[in-house]
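Visitor: The structure is given below, and queries will be raised subsequently.
The values are calculated or read from the model by the stated rules, or taken from the named source; none is laboratory data. Bear in mind that the values here come from a model prediction, so they are computed numbers and not experimental data. FYI the Cβ positions are ideal-geometry reconstructions off the backbone, even for glycines, and counts take in every protein chain you see. Just the protein is used for accessible areas: all its heavy atoms, side chains included, with ligands, DNA and RNA removed. Shrake-Rupley method; radii C 1.70, N 1.55, O 1.52, S 1.80 Å.
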Amino acid sequence: MWFLKNFFRSTHASWQRGGNASNNATVLTNLGRKCELLTTFSDDKMFIFVIEDLKNRGIDINNCFYYPNCNIPLSTVLLSKSSGCRTIIHSNKNLPHVNFDNFDKCDLNDYSWVHFEARSVPETTKMMLKIKTHNESKTDDEKIKISLELEKKRDENLLLIKYADVAF
């Protein structure tokens with residue numbers, strides 16, 4: 001038998017959809033912009049909550065890709081009221097990120113702005129270059145703006161900046 005020296009109880013718990021791109025699409029939709037989220041899902045039952053929430057908010061997910069037998073990525077955030085500190089425990093066991101083949105199926109004529117998260121530099125480079133090539137035959141008003149989020153501090157992510165119009 002074992003005993004915990006200190007036992008803590010949570011004062012609050014909630015479950016919500018997250019993810020930077022998902023959250024950005026929500027904010028832009030709330031501001032009246034039409035947004036699409038291109039991401040990967042699976043047949044995991046936990047995705048039902050995510051998919052329904054995105055649909056209810058009017059975020060287009062028609063071009064998303066589904067991978068069978070993959071787990072939902074999950075972050076648990078522990079917040080301390082006394083210290084203001086937070087601890088994030090993240091798990092993404094086996095769900096692939098969007099790749100160029102997924103992106104290549106989108107009709108770029110439908111978009112005015114595409115936002116990327118710096119994930120796989122080789123795949124993201126191919127996606128950004130596809131937009132750059134698309135833009136070569138367009139007027140300034142028709143060109144797709146490219147933005148890039150550099151959340152992770154990795155030198156290789158800096159290689160993507162040259163393809164972006166805006167970097168965060």
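Visitor: What is the spin-label model distance, in nm, from Asn56 to Glu151 if the labels are put 7 Å beyond Cα along the C-beta direction?
Guide: 2.3
Visitor: Show the residues, 5+ positions off or on another chain, whose built amide H is closer than 5 Å to the amide H of Leu148.
Guide: Counting only residues 5 or more places away or on other chains, the set is Phe116, Val166, Ala167, Phe168.
Visitor: Determine the sum of side-chain charges near Lys34: Lys and Arg each +1, Asp and Glu each -1, restricted to other residues whose C-beta is under 11 angstrom from that of Lys34. Before the final figure, lay out the partial values.
Guide: Numbers: positive: Arg33; negative: Glu36, Asp60, Asp110.
In short, -2.
Visitor: In addition: Starting from the Kirkwood radius over alpha-carbon pairs of the range 1-139, derive D by Stokes-Einstein at 4 °C in a medium of 1.567 mPa s and give it in µm² s⁻¹.
Guide: Working: Rh = 17.8 Å.
Calculated translational D: 73 µm²/s.
Visitor: How large a share of the accessible area of the chain, in percent, is made up of carbon and sulfur atoms when the probe is 1.4 Å and the other protein chains stay in place?
Guide: Numbers: 6390 of 12180 Å².
Heavy-atom surface of the chain belonging to carbon and sulfur, 1.4 Å probe: 53 percent.
Visitor: While we're on this one: On C-alpha positions alone, give me the angle between the axis of helix 47-56 and the longest principal axis of the chain, in degrees, nearest 10.
Guide: Relative to the chain, helix 47-56 is tipped by roughly 60 degrees.
Visitor: Which one, Thr76, Ile48, Cys64, is farthest towards the positive end of the dipole of the range 28-81 when Lys and Arg carry +1 and Asp and Glu -1 on their Cβ?
Guide: Sorting the options by dipole projection puts first Thr76.
Visitor: Per the Kirkwood treatment, what hydrodynamic radius in Å, one decimal, follows for the range 111-157 from the mean inverse distance over all distinct Cα pairs?
Guide: Working: mean 1/r = 0.0873 Å⁻¹.
Kirkwood radius, the range 111-157: 11.5 Å.
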